[in-house]
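One structure below.
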Amino acid sequence: MDRIIGRLIVTVLGLAVFLGWTSLKSWWTGGAGGGAGAAVNKIPAKVWDGGGHKVVYRVTGTGKMRVSAWFSGRDAAGGQEKRSLETWEKADAGIHEFTIDAPLNSGATFDATAEEPKTGDSIAITVTADGKELCHDGQTLNEPLKSGYAFGVQCEIDDFAGPQGGAAGVE
């Protein structure tokens, strides 16, 4: 009986240490929404503290797809990247619109990739910030996809504001 109680105590202590470590690690890195290299399996309505830009990410596709947004933020002087957040989710065919409250001094790479695309499928994305279109990309698959290839579209935006509040830094 003493042996069972001893094992139970060791198990409970091990679990407490594990939970304490993961909580401390989450606090240290900023949790799911914030530290360097954080990842979330849903496109968020708010990135970090938000308050800088209203970003609208619109995706249209004729088949199932994976939509992604990789956010990066810099210090107030626009210097080195301070944090990043990778987000993604699965989406069915149709139109999907994500409104995101993004902070100042931030940008993102937006990507939509078709899953099991067929000839004739199409996919498109449009990104606006504060009512201004910053990027649009669209494609139609005109022939069967070759093995090892992906079918998708991407927009990269260095800073949602740009130097004059426009689309500077869009690739």
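The values are calculated or read from the model by the stated rules, or taken from the named source; none is laboratory data. All of these numbers come straight from a predicted model, not from anything done at the bench. Don't worry about glycine lacking a Cβ; one is built from the backbone with ideal geometry, like all the others, and counts go over all protein chains shown.
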Inset, instruction - Among the numbered conditions (1) among the β-branched types (Val, Ile, Thr); (2) over 16 Å from the mean Cα position of the chain (by Cα); (3) under 15 Å from residue 58 (Cβ atoms), tell me where residue 127 comes up short. - result: (2)
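Do we find that residue 66 is within 28 Å of residue 50 (Cα to Cα), among the basic types (Lys, Arg) and at pLDDT 95 or above in this structure? It would help to see each step written out before you state the result.
Working: within 28 Å of residue 50 (Cα to Cα): yes; among the basic types (Lys, Arg): yes; at pLDDT 95 or above: yes.
The answer is yes for residue 66.
Can you confirm whether segment 111-120 contains a residue that is in a strand (DSSP E or B) and either under 21 Å from residue 49 (Cβ atoms) or touching a residue at least 60 places away in the same chain (Cβ under 8 Å) (or both)?
First, the residues of segment 111-120 that are in a strand (DSSP E or B): 111-114.
Within this subset, residues satisfying the condition of being either under 21 Å from residue 49 (Cβ atoms) or touching a residue at least 60 places away in the same chain (Cβ under 8 Å) (or both) are none.
Among the residues of segment 111-120, not one is in a strand (DSSP E or B) and either under 21 Å from residue 49 (Cβ atoms) or touching a residue at least 60 places away in the same chain (Cβ under 8 Å) (or both), which makes the answer no.
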Legend entry - Subset tally (residues that are surrounded by fewer than 13 Cβ atoms within 10 Å (Cβ to Cβ) and in contact with a Lys or Arg (Cβ under 8 Å, 6 or more places away or on another chain)) for segment 119-133: 1
